[in-house]
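Q: Structure below; questions to follow.
The values are calculated or read from the model by the stated rules, or taken from the named source; none is laboratory data. Given the structure is predicted, the values throughout are model-derived calculations rather than measurements. All Cβ positions, even for glycine, are placed from backbone atoms using ideal geometry, and neighbour counts span all protein chains on display. For the accessible areas, the whole protein counts, side chains as well, though only heavy atoms, and no ligand, DNA or RNA atoms are used. Shrake-Rupley method; radii C 1.70, N 1.55, O 1.52, S 1.80 Å.
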Amino acid sequence: LGKDTRIKFMTDGILLRELQSDFLLRRYSIICLDEAHERNLNTDILIGMLSRIVKLRNKLHERDPTAVMPLRLVIMSATLDVERIVNNGRLFPDGTPPVIRVEARQHPVTIHWTPHTPTDHVQAAHRLVKRIHTRLPPGTILVFLTGRRDIQHLVRLLR
């Protein structure tokens, strides 16, 4: 790190747009995907593409160290199923990437999901939250939704 080091914060959508103009993302030496457990199409596409870009940039750097620097990819999550990601031979065909675990206070988490894709995911979340609330012991219920409008709609339904 030096005086020319910059940190740029962006959404997954912005990073995908940057990939359109520079597939190798030459302006970056490290890319950190945070909250990777919030699985969405953009994150899944980025993890797949970036795992390939890392390999490509490493190969190009080995051939000509002045052409491009290696790219480091950091995937962060508090609740991601790490084993499922690192043991994915399609993402990491050259072997398991290094994993750093930061032990912190952890609370038991139970994940509930529906076996099929609902037509109306907000209504489905509403039904599931009510069922959890009435049938299970007291606790916190955390629901991940796709945007503000869905969140506000679910809050109205729950009130």
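Q: How much area per residue is accessible in the chain when the probe is 1.4 Å and only protein heavy atoms are counted (Å²)?
A: Per-residue accessible area for the chain comes out at 82 Å².
Q: Work out the charge dipole of segment 59-159 with +1 on the Cβ of Lys and Arg and -1 on the Cβ of Asp and Glu about the Cα centre, then indicate which of Ala78, Leu128, Val143 is farthest towards its positive end.
A: Towards the positive end, the residue furthest out is Leu128.
Q: I'd like to know how the chain sits against the 2.2 N^0.38 Å rule of thumb: what's its Cα Rg over that expected value?
A: Dividing the Cα radius of gyration by 2.2 N^0.38 Å gives 1.31.
Q: Could you work out the relative contact order of the chain, using alpha carbon pairs under 8 angstrom and six or more residues apart, expressed as a whole percent?
A: The normalised contact order for the chain reaches 19 percent.
Q: For segment 72-159, with all protein chains present and a 1.4 Å probe, just round the carbon and sulfur fraction of the accessible area to a whole percent.
A: Roughly 54 percent of what the probe reaches on segment 72-159 is carbon or sulfur.
Q: Membrane-span-like helices in the chain: DSSP H runs reaching 27 Å or more (Cα, own axis), mean Kyte hydropathy at least -1.0?
A: Within the chain the helices that satisfy the rule are 41-63.
Q: Rank His61, His112, His107 by accessible area, highest first, at a 1.4 Å probe radius?
A: These residues rank, largest area first, as His107, His112, His61.
Q: Keeping all protein chains in the complex and leaving out DNA, RNA and ligands, what accessible area do you get for Met76 with a 1.4 Å probe, in Å² to the nearest 10?
A: Roll a 1.4 Å probe over it and Met76 shows about 80 Å².
Q: Still on this structure: At 0.36 nm per residue, and after removing the present C-alpha to C-alpha distance, how many nm does the segment from Arg90 to Leu41 gain when stretched out fully?
A: Once the chain is fully extended between Arg90 and Leu41, it gains 15.9 nm.
Q: So if R0 is 41 Å, what FRET efficiency would Ala67 and Leu145 give, r being the distance between their Cβ atoms, rounded to the nearest 0.05?
A: Efficiency computed from Cβ-Cβ geometry: 0.40.
Q: Between segment 1-59 and segment 86-110, what's the alpha-carbon centroid distance in Å?
A: Centre-to-centre (Cα) distance: 18 Å.
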